[in-house]
Structure formats: C-alpha cells, structure tokens
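What follows is a short report on a single structure.
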Amino acid sequence: MEQPASEAGVLTPVRSSARTPLLPANPIEAFSGLVQRGGQIDDPHSAPGLYHNALLLEAKGESIGAHRAYYTLARMGLEFVDPHLRYAALVRAHEGRFIARQVYAELNEDVPTLATALVHALQFDGPERKARLDALVEKHPDYAPAYFFLAEEHSEDRVGSLQTVQDRRIELAALAELLKAHEEGRLMAFFLDQSVAAEWLERAYTRHARLSLANGTVSALPVFDP
C-alpha cells in the first residue's frame, strides 16, 4: 500500500483567517520534494503540502477534496500564482465562470494579494478582463506574472484576425517585460511548481522571437504603455 508522504523543511507561520498555517523555509524546494516522493499527505498544514494534495485529488477526480485543499491554500495570503490558477480553473469547470468570479472577489477582499487580484481579473470576459489587467500592470509595474496574461490578451491566439499592429507591439513589449523579470530573477519565486513557470517561459521566448522577427527589434518599438 502506498504510504502517505510527509512534509519537510523548517516551518514558519504565515497569516491566515482560519488556523495558523505554516510555510517551509524553502516552499518551492519542499513542494518539489513532495512531488518526487509521491503519495498523499494525511494532514497537510503548509502551502506545498496543500498544493501537492490538491493536485493529486484533482488528478483522481476527487474534486471536492481538491477544492478544499486549494481553498485552504488560497486563504493563506501567499503570492504563488500557479495554485490560484489551478483552483480558479477547477471552480470554472464545475461551477462556472460566474462562481469563480465570486470566489475570487471574496478572496481578493479577505486575503488580498497580487495573485488574487490577477486571478480575479482573469475571471472576467473581453474588455473588462483587459481593463483590469491594464490597471494591475499600471499600479504594479514590477509584477511579472501580469505581463504573461497582458501579452495573451493582445495575442493572435486571443484576438485572431482582428490583431492590429498595436496589439503586436503591446504583446511584444509585455513579453519583453516578462523575460526581463525572469533574467533578473524576479519571476520564478511566484511559482510553487517550477514546471509551470518553465512552460510559461518556453511559450514566451518562442512568441517573443517570432514577433521580434516580424516587427524588428524591441528597441525599435515604442516604450511600453498599457
């Protein structure tokens, strides 16, 4: 029988509206260790443990248990963006976008972080989503994850044949900001699961190279102004 995994690392308290949860000294390393060992944790009390369990439960189709684990983690007030994205996707899949929007409105009110603001913005459609992303970038220009979604908002994948020259310029500039943040070491800390960040970067580098080839060098473009 598969033995349950155990959590490791020096733990320190972080704020929460419920019981006081704990955070390992190196949560990214702790999460990676749990993934490598496998097995569900009996009573997770840290962000890596909750995320690990949520992913396992979701993969097994146990959406209620996954929802509970994601929600507990979401209320810890941390800036890891990938668990929020997975949680919002789970809620949308089972309860619809309107409920996901309500859940993240509540989280953004009760335990506001840049991660909750970003994921809340993503639950809207069309112009409202874009306006919220623009506002978030304007207010927090150093918040690297927002640039990935700002680029998506102006990409050909999103707008199709309606993509304008200005859309391409904004997409390229946003990708440049994202990749600059990565090169300066300001991106990876927002991800518990580093493989998610790697997927973002692979897509960003590919799209940036394609757009640069089509539009000339980044330096030839106007200064980024969302």
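The values are calculated or read from the model by the stated rules, or taken from the named source; none is laboratory data. Since this is a predicted model, take the numbers as computed values, not measurements. Quick reminder, even Gly has a Cβ in these numbers, built from the backbone with ideal geometry, and neighbours come from all protein chains shown.
Quick check on Asp157: is it farther than 25 Å from Tyr70 by Cα, in the same structural domain as Arg186 (by TED's automatic domain parsing) and touching a residue at least 60 places away in the same chain (Cβ under 8 Å)? In short, no. Candidates in region 80-116 are the residues that are among the small types (Gly, Ala, Ser) and surrounded by fewer than 21 Cβ atoms within 10 Å (Cβ to Cβ); of these, the one that is farthest from Gly61 (Cα to Cα) is Ala105. With respect to (1) within 14 Å of Leu192 (Cβ to Cβ); (2) modelled with pLDDT of 95 or more, the lone exception for Ser32 is condition (2). Only one of the numbered conditions (1) part of a helix (DSSP H, G or I); (2) touching a residue at least 60 places away in the same chain (Cβ under 8 Å) is not met by Ala93, and that is (2). Evaluated against (1) out of contact with any Leu (no Cβ under 7 Å at 6 or more places or on another chain); (2) at pLDDT 95 or above; (3) farther than 18 Å from His84 by Cβ, Glu199 falls short on exactly one condition, (3). Of all the residues in region 61-89, those that are among the aliphatic types (A, V, I, L, M) and either in the same structural domain as Pro145 (by TED's automatic domain parsing) or in a loop (DSSP other than H, G, I, E, B) (or both) number 2.
Results for (1) over 14 Å from Trp200 (Cβ atoms); (2) modelled with pLDDT under 95; (3) in contact with a helix residue (DSSP H, G or I) (Cβ under 9 Å, 6 or more places away or on another chain), shown as yes or no for each residue.
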residue	(1), (2), (3)
Arg129	yes, no, yes
Leu133	yes, no, yes
His140	yes, no, yes
Ala146	no, no, yes
Glu153	yes, no, yes
Glu156	yes, yes, yes
Thr164	yes, yes, no
Arg168	yes, yes, yes
Glu177	no, no, yes
